[in-house]
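Supplied in structure tokens, the structure appears directly below.
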Amino acid sequence: LYGADFTADPHAVYERLRAHGPAAPVELAPGVPAMLVISYATALEVLKNPSLFARDSRRWRDRNEGRIPKDSPILPMMDYRPNALFSDGKEHARLRRVITDSLEKWDRHELRRAVERAAGSLMDRFTATGKADLIRDYARPLPLMVLNTMFGCPPELGLRIVTGMSGIFDGAGEEANAQLTEALIELVRIKRANPGEDVTSWMLGHNEHLNDEELINQLVTVLGAGTEPQQNLIASTVLLLLDEAATSERGMDLPVKDAIATVLWNSPPIANYAAHYPTKEVAIDDVTFTEGTPTLISFAAANDDPMLERQHSELNNSHLAFGAGPHACPAQEQAQLIAEVAIEALLKRLPDIQLAVPEPQLTWRPGPIHRALTSLPVEFAPVKPRKTVSNILSTDKSTQMTNRDQAKSKASKRSRWSSFLTWWRK
Ligand code: HEM
């Protein structure tokens, strides 16, 4: 699952694997064997059966017996961390409660406003040029800006977090892992000293009383899950919409919500993950899962299972893009809201947006876990940036004089974001 062939056409690989039955032996990285569940029904059996399929990767037999290369790029995504994703039973319930309770406290209307603000200020930086790379200029920084607001995280620190997380998804290994951990230690230090009305502070103050290490490990899951797949959901959905507009006689008439649902079914941002470890030998439909062998779920292949007999027009939410069972994504509603608001804002401001290169020239990032475009070049008729308070403040001297205090704070916020975004684009 790590070669160029897989990256170029993962569905062709899944089709070949179906010859093995509901699950197939794969290699996640050189010298890292695993089982990959490709049937929808078997995926549910594994995901919903924690007593037979545990998540604690300290049960990984090949790793424990020294057969996995120590520098394997897959390890940061697989090695045990004391967080919700790798925990089972009561400990999982405790850690997950801290996450769900704190995420729930963040108001949906505030979330929409945070997305609109981020979308607006990002677009102001490229609409006048008539072209953009929507990954670099929009889909990648937007979730980060939104999560920075939700988690009360200073922008520079947010950048370090997402760079570390992207490195882990791309297989950059230990270096990326260290970068991420260092940035999170700093975030926790800042919030312990100055708690605010944000998700990090609510997690810190939760009555399950997580210590700093526990908290950092939960943040790795939440911020990692909230940035990489979020960026890929936005980008893949925009690509689908642009493709529809270019090929359909009726132009872009697919509602954004339906386009998101289609991507979650056909090209889930997390394609293969949810590593489970059989607690004993388990046989399901002629496939034997041996104790301690990583058993991953192919959300992409399971959604496309021919046994499902699903119509391609069927847009319900029974796909597996957000997982299922006790570890199902606790932020599904928020993730879809962020994607929908971000894409609606883009299409509203740039109604004539189109791909700047033929679709077959687009490339995808390597790696077994995500389905992620490398870049998404687009073009459109140039549009002047909006007349927002912060944009006006930078040009209109009389406003600056009459609203000096407001100007000071807005201008300082703006310059922080400007320098962050300039740095981002280097
Ligand atoms: C498009 C965006 C997203 C996608 C496709 C996605 C997908 C998933 C999937 C497939 C899982 C299950 C993984 C497994 O079973 O190993 C998961 C778990 C999780 N997701 Fe999301 N997610 C998204 C956005 C978010 C966001 C925005 C957050 C938080 C702000 C979040 C937080 C989490 C957490 C904490 C877990 C682990 C839950 C547990 O182990 O109990 N996700 N996500």
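Let me have the 222 nm mean residue ellipticity of the chain computed from DSSP H runs of 4+ only, each contributing -39500 (n - 2.57), with the sum over all residues rounded to the nearest 500.
Only helices count here, giving -16000 deg cm²/dmol.
Still on this model: Which residue, 232, 99, 115, has the largest displacement toward the positive end of the dipole of the chain when charges sit on each Cβ (Lys, Arg +1; Asp, Glu -1)?
Of 232, 99, 115, it is 115.
When only C-alpha pairs under 8 Å and at least 6 residues apart count, what is the relative contact order of the chain, in percent?
24 percent
Grab the other residues whose beta carbon is less than 13 angstrom from that of residue 13, score K and R as +1, D and E as -1, and report the net.
Once positives and negatives cancel, what remains is -2.
While we're on this one: In nanometres, what is the gap between the two model label sites at residue 90 and residue 209, each 7 Å from Cα along Cα-to-Cβ?
1.6 nm
Further question on the same structure: Taking Cα pairs under 8 Å and at least six residues apart, what relative contact order does region 9-96 come out at, in percent?
Rounded, it is 22 percent for region 9-96.
Taking 0.36 nm per intervening residue step and subtracting the Cα-Cα distance, what contour gain separates residue 18 from residue 375 on full extension?
Additional length available on full extension: 125.5 nm.
Would you mind computing, in nm to one decimal, how far apart the modelled labels at residue 316 and residue 352 are, each placed 7 Å from Cα along Cα→Cβ?
A separation of 4.3 nm, rounded to one decimal place.
If the cut-off is 19 Å between C-alpha atoms, which aspartates and glutamates fall inside it for residue 387, apart from same-chain ones fewer than 8 positions away?
Within the straight-line cut-off, residue 387 pairs with 116, 124, 396.
Counting only Cα atoms, I'd like the Rg/Rh figure for region 42-166, Kirkwood definition for Rh.
Expressed as Rg/Rh, it is 1.08.
Only Cα pairs within less than 10 Å get springs; with that Gaussian network setup on the chain, which residue of 122, 223, 347 has the largest fluctuation?
It is 347.
Going by amide H atoms built from the backbone, whose H comes under 5 Å of the H on residue 364, apart from near neighbours?
374
So for region 260-384, averaging the separation of alpha carbon pairs under 8 Å that are six or more residues apart and normalising by length, what relative contact order in percent results?
26 percent
Report the paramagnetic label zone for residue 290: residues of region 55-92 whose backbone N is under 14 Å from a point 7 Å from Cα along the Cα-to-Cβ axis.
60-68
Equivalent ellipsoid semi-axes for the chain, as square roots of 5 times the alpha carbon gyration tensor eigenvalues: give them largest first, rounded to whole Å.
Equivalent-ellipsoid dimensions as semi-axes: 37, 27, 18 Å.
Determine, for 129, 227, 149, the number of other Cβ atoms within 10 Å of each Cβ, and report the residues in order from fewest to most.
Ascending Cβ contact count within 10 Å gives the list 129, 149, 227.
Label residue 244 and residue 4 with points 7 Å out from Cα along Cα→Cβ: what is the distance between them in nm?
So the two model labels end up 3.4 nm from each other.
Counting only the backbone N, which residues of region 349-367 are under 12 Å from the spot 7 Å out from the Cα of residue 112 toward its beta-carbon?
none
Rounded to the nearest 20 debye, what is the charge dipole size of region 1-124 about its Cα centre when +1 sits on each Lys and Arg Cβ and -1 on each Asp and Glu Cβ?
Dipole of region 1-124, to the nearest 20 debye: 500 debye.
Rounded to the nearest 0.05, what FRET efficiency do residue 189 and residue 163 give with R0 = 25 Å and r taken as the Cβ-Cβ distance? Could you check?
E(calc), rounded to 0.05, equals 0.85.
So for region 24-77, taking the charge dipole from beta-carbon charges (+1 Lys/Arg, -1 Asp/Glu), which of 77, 28, 64 sits furthest toward the positive end?
Of the listed residues, the answer is 64.
Looking at the chain as a GNM with Cα springs under 10 Å, which of 109, 370, 276 has the largest mean-square fluctuation?
109
Over the alpha-carbon set of region 293-377, work out the extent along each principal axis and list the three values in angstrom, largest first.
That works out to 46, 28, 26 Å along the principal axes.
Computed FRET efficiency, Cβ-Cβ of residue 67 and residue 307, R0 41 Å: what is it to the nearest 0.05?
Efficiency, from the Cβ-Cβ distance: 0.75.
Read-outs: derived from the displayed coordinates by stated rules, not from any lab. What you are looking at is a predicted structure, and each value in this text was computed from that prediction instead of being measured. Methodologically, a virtual Cβ is constructed for each residue, glycine included, from the backbone with ideal geometry; neighbour enumeration extends over all protein chains shown.
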